[in-house]
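Let me begin by presenting the structure, written as structure tokens, before commenting on it.
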Amino acid sequence: MRLSYWERSEIERRRDVLIIGAGLVGMSAAIELKKMIPSASITVIDKQVIGCAASTRNAGFACFGSVSEILADIEVYGEQTTIDLVNRRRSGIESIRDRYSPANIRYEHSGGYEIFNNEEEFALYQPQVEQINKLLGSDVFDIHKTPSPIHSYSSCIYNKYEGQLNTGRLYDALIKEGRALDIELIKGLEVLEIDLATGSLSCKVEDVNIDMKADKIIVATNSLTSHLLPQLDVKAVRNQVIVTQELSGHGLKGCFHQDKGYIYFRDIGNRVLIGGARHLHKEEETSIFGDNQKNQAYLLNHLRKCVLPYIKEELMIDQSWSGILSGGANRLPIVEKLSDKVTVAARLSGMGVAIGMDVGIEAATLAVL
Ligand SMILES: Cc1cc2nc3c(=O)[nH]c(=O)nc-3n(C[C@H](O)[C@H](O)[C@H](O)COP(=O)(O)OP(=O)(O)OC[C@H]3O[C@@H](n4cnc5c(N)ncnc54)[C@H](O)[C@@H]3O)c2cc1C
């Protein structure tokens with residue numbers, strides 16, 4: 001393919017700000033910058049033609065951490081860091097609801113349940129509930145009967161502040177807000193290299209090379225950041241999701257976490273979504289989309305045995321996809337200025353919906369300092 005003179009001069013024109021990555025972080029950063037500097041020309045680029053690596057492929061849990069996850073994080077990252085992050089996620093969910101309205105993003109305040117495989121596992125975490133509530137400064141968690149139809153240990157830990165939303169609706173709300181602010185969005189364009197000193201980008205679409213320049217660059221590429229900035233500690237982790245066919249009365253309502261959050265499931269109307277199990281499959285440490293059949297079979301089997309054991313219908317995978325999230329030595333996102341021109345905002349892990357907007361706002365503020 002060859003670009004026309006007109007096409008090249010338009011796409012290569014200098015912008016005030018270029019943002020790489022049109023996920024929750026990149027779009028939120030763009031919106032915040034445009035509010036701060038209405039005259040700024042802002043363009044967001046994403047290599048994916050449809051959607052994002054994670055922001056349009058997640059499970060839609062508006063969650064901030066189960067007791068077992070919080071305890072595991074305290075052990076690795078310390079009490080204060082972990083509690084600050086959990087509180088940040090919690091207030092992030094409130095900000096999303098306030099900004100985009102629960103009805104618009106189909107937010108349902110359904111609560112979250114951490115369920116356990118057996119009494120021994122429950123006994124490990126049940127005594128810690130009071131302590132975690134104390135650290136969080138409110139009665140977030142309490143002991144609950146495991147809701148039917150789930151077949152697991154009879155008691156679970158309930159979080160009354162969690163909910164679920166429609167991931168597609170939330171993303172659509174962000175895109176609409178960006179459009180209304182005259183933020184340009186270019187899809188299908190991959191950035192290959194960033195020059196930290198000059199703020200120029202080498203990009204590619206099909207076999208065409210394109211050079212772009214801006215006064216400020218924000219890199220919001222989350223799990224794929226290591227391709228562009230290998231010096232940063234960001235690892236890509238693939239996550240599998242499956243959704244059943246429509247079922248007549250599955251009886252499941254809410255967000256469910258199991259095995260320290262590695263397995264999660266929820267209702268989507270008449271269907272059930274289940275995802276995760278990456279801890280069981282080493283090959284999920286990849287940035288390449290794709291279905292892992294072993295993982296799909298595991299999740300379907302888990303649905304049959306633990307989640308919907310009494311359902312008469314044959315459970316089937318109606319839809320299946322993977323998304324890529326971030327890992328690394330630290331759970332905290334990286335928001336850092338790498339040069340006068342370039343700011344990075346990346347490494348959002350499994351609860352990135354809750355903090356995505358906040359991280360984008362932080363990056364926008366840092367970029368213009
Ligand atoms: C399967 C799955 C389930 C999840 N479930 C939940 C959940 O229920 N609740 C929750 O809170 N969180 C969940 N998450 C995590 C959450 O979705 C992410 O943390 C969050 O969306 C990250 O947003 P982001 O904008 O940083 O990244 P992304 O949405 O990944 O956006 C980054 C974008 O950068 C683009 N990009 C990367 N490199 C380049 C390049 N070189 N050139 C151009 N573009 C580039 C990518 O295409 C991508 O679209 C889940 C994630 C996955 C994968």
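The values are calculated or read from the model by the stated rules, or taken from the named source; none is laboratory data. A quick note: this is a predicted structure, and the numbers were derived from the prediction, not measured. When we count neighbours, we look across all protein chains shown, and the Cβ atoms used for this are built from the backbone with ideal geometry, even at glycine.
A few comments on the model shown:
- Test result for Gly60, in contact (Cβ under 8 Å) with a residue 60 or more places away in the chain, closer than 21 Å to Glu108 by Cβ, under 16 Å from the mean Cα position of the chain (by Cα) and more than 6 Å from the ligand (Cβ to nearest atom): no
- Segment 273-287 residues that are over 14 Å from Ala54 (Cβ atoms), paired with ones that are of a type in the set (Ser, Thr, Tyr) and within 14 Å of the ligand (Cβ to nearest atom) (beta carbon under 7 Å, 6 or more apart): Ala277/Tyr262; His279/Tyr262
- Only listed residue being near the ligand (Cβ under 8 Å from one of its atoms), out of contact with any Asp or Glu (no Cβ under 9 Å at 6 or more places or on another chain), at positive phi and not assigned by TED's automatic domain parsing to the domain that holds Phe122, chosen from Gly51, Gly21, Gly78: Gly51
- When Asp358 is tested against the conditions (1) crowded, with 23+ Cβ neighbours inside 10 Å; (2) within 16 Å of Met27 (Cα to Cα), the lone failure is (1).
- Qualifying residue in segment 91-106 (condition: of a type in the set (Lys, Arg), surrounded by fewer than 23 Cβ atoms within 10 Å (Cβ to Cβ), within 12 Å of the ligand (Cβ to nearest atom) and on the phi < 0 side of the Ramachandran plot): no
- Flag if Gly178 is surrounded by fewer than 23 Cβ atoms within 10 Å (Cβ to Cβ) and part of a helix (DSSP H, G or I): yes
- Looking only at segment 330-347, residues that are over 19 Å from Ile31 (Cα atoms) and hydrophobic (A, V, I, L, M, F, W, C) come to 3 in all.
- Leading residue by the ranking (farthest from Glu32 (Cα to Cα)) among those in segment 316-369 that are of a type in the set (S, T, N, Q) and near the ligand (Cβ under 8 Å from one of its atoms): Ser322
- Candidates in segment 350-369 are the residues that are assigned to a loop (DSSP other than H, G, I, E, B) and farther than 23 Å from Asp73 by Cα; of these, the one that is modelled with the lowest pLDDT is Leu369.
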